[in-house]
Structure formats: C-alpha cells, structure tokens
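The values are calculated or read from the model by the stated rules, or taken from the named source; none is laboratory data. Note that the structure is predicted; figures quoted are calculated from it, not measured. With ideal geometry, Cβ positions are generated from the backbone for all residues, glycine too; neighbour counts draw on all protein chains shown. What goes into the accessible areas is simple: the full protein's heavy atoms, side chains included, and nothing from ligands, DNA or RNA. Shrake-Rupley method; radii C 1.70, N 1.55, O 1.52, S 1.80 Å.
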Amino acid sequence: MRRISIFGATGSIGQSTLDLIRRDKESYDIVALTGGGNIDQLAKDAIEFGADVAVTAYENRLSDLRAALAGSGVHAAAGPHALLEAADREADWIMSAIVGAAGLAPGLHALRHGTTLALANKESLVTAGPLLLGSAQSHGARILPVDSEHSAVFQGLVGEDKSEVERVIITASGGPFRDWSLEQLEGATLEQASQHPSWDMGQRITIDSASMFNKALELIETKEYFGFTPDQIEVLVHPGSYVHALVGFKDGALMAHLGAPDMRHAIGYALHWPERRDLPVARLDLAKVGTLRFEAPDQVRFPALRLAQEVMATGGLSGAVFNAAKEAALDLFIANKIGFLDMARHVERVLTEMSDSVSLAGRSMTLDMVLEADKEARDRVFAGHSN
Ligand code: NDP
C-alpha cells in the first residue's frame, strides 16, 4: 500500500487527486488530508478515505473540524504548525496543492523526509525554487511536476538528453480576455475574470489565467524546475488547450504533448510515475478537433508576461517578490478594491521599489530571506493601494 498525503485536498487539484485514488482505494493508505475553510469537505473526505489526520490551516476552525470528525477515529488538527507536522508524517507520495506561497513551508518539510512531492503549487517554485530543489537533492527526494505544461515538458524529455534541447514552448489558452482591448481589460469584472473557457480550476488560478499571471508564474516555474535559460522558454497562445507544451531539439524537431484539458492526466502521470496507467480522461478525437490554432502572446495587453521575463533575468529573490505582490494584488482585485489591470501595475511598482532598495538579483537565499521579501512585497502592495 502506498502512503499518500494531500495538501490542499479540498481544492480543485486535491479533489481531482482524490477522484483518481477513489478508483483504486485499496492500493492507498491516506496519511494526511489538509484544507483551509472548507471543513465539511475536509471531514467528509478524511472519513471516506480513513485518513490518519485531517488538518485545517485555520486555528479558529479546529472545534468545527473536531465536531465534523467526532467518532470517526480521524485525528483533527489546525494551524500552520499542524500543517508542518502533517508534512513530517511518513508518506511515499505527497500532493502539494495548497494555493499560493502558503504551500512552500509544508513542501519544504515534506522533502526533508526524502518523499516524492507531486508539485501543483507552482508558487513555491517561483518563490524559492533553489531552496526547494536544493532540499530535494540533499535529502534524496523527488519533485514531480503537476502543472499540465510542466508535466508535458517532463514527458517530452523522457529518454532525451537535456543538453540537446534548443527551446521549450508552453501554451496558454489566452483565457476569457484573449481578444479584449486594453480599454475593455481596464473594466474587466471579477465575475468575468472568474470564468475560464477551457479549464475548470480554483478561483485564484482562474483569475490568474485571465490576466496571464498564471502563465507568467509558469514561465518562471519552467526556468526553475528544468534549468533552461530564459531565452529558451517561450509562450504560445493556443485557445483550444489541446497542446500543453512543446520541446524543440537542436535538430529542429518539435515534440508536442497533446491531451484533453483535464488535470487528472498530469496528476495521474505524477501519481503512477514512472509507469503509465489507464486514466479516466477523455481521448482526443483530432478529426473532430480539426484545426490547432496558435497565436503570439501580447505583452502589452498582458504585462504579466513582460514582468516574468524581467524576473527570470534577475533571479534571486525577485520571484518571491513577484509572486507575493501578485497574490496581494489578486486579494485586492477579489475584494473589488482595484481594477483588473491595476494588478500588474502594483506588481511592477513593487518590483521596481524593491529592486531599488535591496538587491534582488542572484543572491543565495534562505527561507527567512524569502519570507521577509514575501512579507515586504505584500505590505508594499497594500500600502501603495491605500495611499
Ligand atoms: P483551490 O483554490 O481550488 O484550492 C486550494 C487549496 O488550498 C484548498 O484546499 C484550500 O482550502 C487550501 N488553502 C487555501 N488557502 C490556504 C492557506 N493559507 N493555507 C493552507 N491551505 C490553504 O486551488 P487549485 O486546486 O486550483 O490550485 C492549487 C494549486 O495548484 C495552486 O498552486 C495552483 O496554481 C496549482 N494548479 C492548479 C491547477 C488547476 O487546474 N486547478 C492547474 C495547475 C496548477 P479550502 O478550499 O478548504 O479553503
């Protein structure tokens, strides 16, 4: 039996992971399931899968979780410390699917035990890629990508010599605002930004897809995870979301990964790696798809892509600042306090301010430095907004 923990079990990726596990329950022993405010879902899943422990990130929800788990035998715990304790529990495979930089500390803890970490939480690689990869290396742990584009690149590299790769192209659906003018984008509402044309995802990543901040994070994630140089990594808008990524080799060959837009493919690949197993995803009927359409991305209407290029070139703590400023700006947009394009304006302002005040570039990092940069970036977004 494989021992499995899922961080962010109540979210979109967490639920898709449980969906796969549910189909073959007797092969898995669920160690820990974690969530945030969705106590009912967390307790329901923890009872169904007989988890050893269920953890909510919020201390003030412990009594609710205890009540929901009463008599089930599942241990209830709460708070950031309990999340780390759950990450310390022995497991063979851990899904990292908390949203945002909050996923970083549990991921780092899990790696210390030499586990396999399936990483959906791209923010932790963007924020502290060298720390995460360094920890995996020194503890003999493995990080497997779960983002569909990165899983596609990973699969495209199987059996290949990475030094023969010329370029990597990750695709972007373009989101709901692909054809919108700058003027229209200025007035885009929360409701409009929360609808994705091809992927069914959590609200935050859906809005990040509309602003292309999600693709910006993925560019940085590609650089951090695979170690390609920024000029080797490209984005191509592909509205159908059938081609997830392409790997180009020095002989001119371009290997594409295609599949239905269903995260259970990338999750299942990471779950069963290095094997391939039958997965409950739709098979592409290319005759029905007919045409695959591609467009160059527009860095003027989607400035997040331009900012990501700057962050990749700068390296060091700039990823932590970029991600934290983006998360804080997204909080303000969700609270209807700023407009859609203001998110990128705040991120750019904070990146400029912080690179003027401290050197963000190329410094060796510690977790404390990352957390400090993260906090300062968030504070600056909120302060700049209220000024
Ligand atoms: P969701 O918003 O659907 O779920 C997020 C999960 O994190 C929930 O379990 C939530 O708990 C929990 N959570 C929220 N805040 C905190 C916190 N402060 N501390 C601990 N746990 C918290 O997100 P997704 O599943 O969409 O995304 C998860 C991660 O996967 C993100 O990093 C995203 O970028 C990445 N990803 C997602 C894809 C997708 O298709 N959804 C595709 C590729 C990557 P609760 O709901 O109980 O409050």
* Structure fact -> Note: region 172-296 at 25 °C, 0.890 mPa s; Kirkwood Rh on alpha carbon pairs; Stokes-Einstein D in µm²/s works out to 150 µm²/s
* Taking the Cα centre of the chain as origin, sum charge times position over the Cβ atoms of Lys and Arg (+1) and Asp and Glu (-1), and report the length of that vector in debye to the nearest 20. => 340 debye
* On full extension of the chain, what length is gained from LEU84 through ASP285, given 0.36 nm per residue of separation minus the C-alpha to C-alpha distance? -> 68.0 nm
* Potential extension, ARG345-LYS44 segment - 0.36 nm per residue separation minus Cα distance -> 104.2 nm
* Carbon and sulfur together cover what percent of the accessible area of region 43-148 at a 1.4 Å probe radius? -> 50 percent
* Asked: Once the whole set of protein chains is in place, how much accessible area is left on MET212, using a 1.4 Å probe, in Å² to the nearest 10?
  -> 10 Å²
* Structure fact -> Two pseudo-spin positions, 7 Å from Cα along C-beta at HIS113 and at ASP231, lie apart in nanometres by 4.4 nm
* Debye log10 I(q)/I(0) for region 1-105, one point scatterer per Cα, at q = 0.09, 0.12, 0.18, 0.19 Å⁻¹ -> -0.18, -0.32, -0.75, -0.84
* Asked: How far apart, in nm, are the 7 Å Cα→Cβ label points at ALA361 and GLN192?
  -> 3.9 nm
* Alpha carbons only, please: Rg and Dmax for region 123-170, in angstrom. => 12.2, 31
* To do: Beyond 18 Å between alpha-carbons counts as too far, so tell me which of LYS162/LYS250; LYS215/LYS326; LYS44/LYS122 fall in that bin.
  => LYS44/LYS122
* Asked: Based on DSSP H runs of at least 4 residues, each adding -39500 (n - 2.57), what is the mean residue ellipticity at 222 nm of the chain after dividing by all its residues, to the nearest 500 deg cm²/dmol?
  -> -14500 deg cm²/dmol
* **Where trypsin sites (Lys or Arg not before Pro) fall in DSSP loop in region 341-387, at most 15 other Cβ within 10 Å** => ARG363
* **Residue-normalised accessible area of region 218-353, given per residue in Å² at a 1.4 Å probe** => 42 Å²
* Under a point spin-label approximation (7 Å from Cα along Cα-to-Cβ), what is the ASN336-GLU160 distance to one decimal in nm? -> 4.7 nm
* **Base-10 log of normalised Debye intensity for region 234-281 (one unit scatterer per alpha-carbon) at q = 0.20, 0.30, 0.33 Å⁻¹** => -0.81, -1.10, -1.17
* To do: Place +1 on the Cβ of every Lys and Arg and -1 on the Cβ of every Asp and Glu in the chain, take the dipole about the Cα centre, and give the residue among VAL370, ALA245, VAL165 whose Cα lies farthest towards its positive end.
  => ALA245
* Structure fact -> What one gets for region 298-387 as the Kirkwood radius, inverse of mean 1/r over different Cα pairs in Å, is 13.0 Å
* Given a Förster distance of 56 angstrom, what is the FRET efficiency for SER181 paired with ALA253, based on the Cβ-Cβ distance and rounded to 0.05? -> 0.90
* To do: Determine the order of ASP40, ASP45 by accessible area, beginning with the largest, at a probe radius of 1.4 Å.
  => ASP40, ASP45
* Would you kindly work out the equivalent ellipsoid of the chain from its C-alpha gyration tensor and give its semi-axes, the square roots of five times the eigenvalues, largest first in whole Å? => 30, 26, 21
* DSSP beta bridges in the chain, what fraction antiparallel, as a percent rounded to 5? -> 25 percent
* To do: Would you kindly state how much longer the chain becomes between LEU292 and LYS25 on full extension, computed as 0.36 nm times their sequence separation minus their alpha carbon distance, in nm to one decimal?
  => 92.4 nm
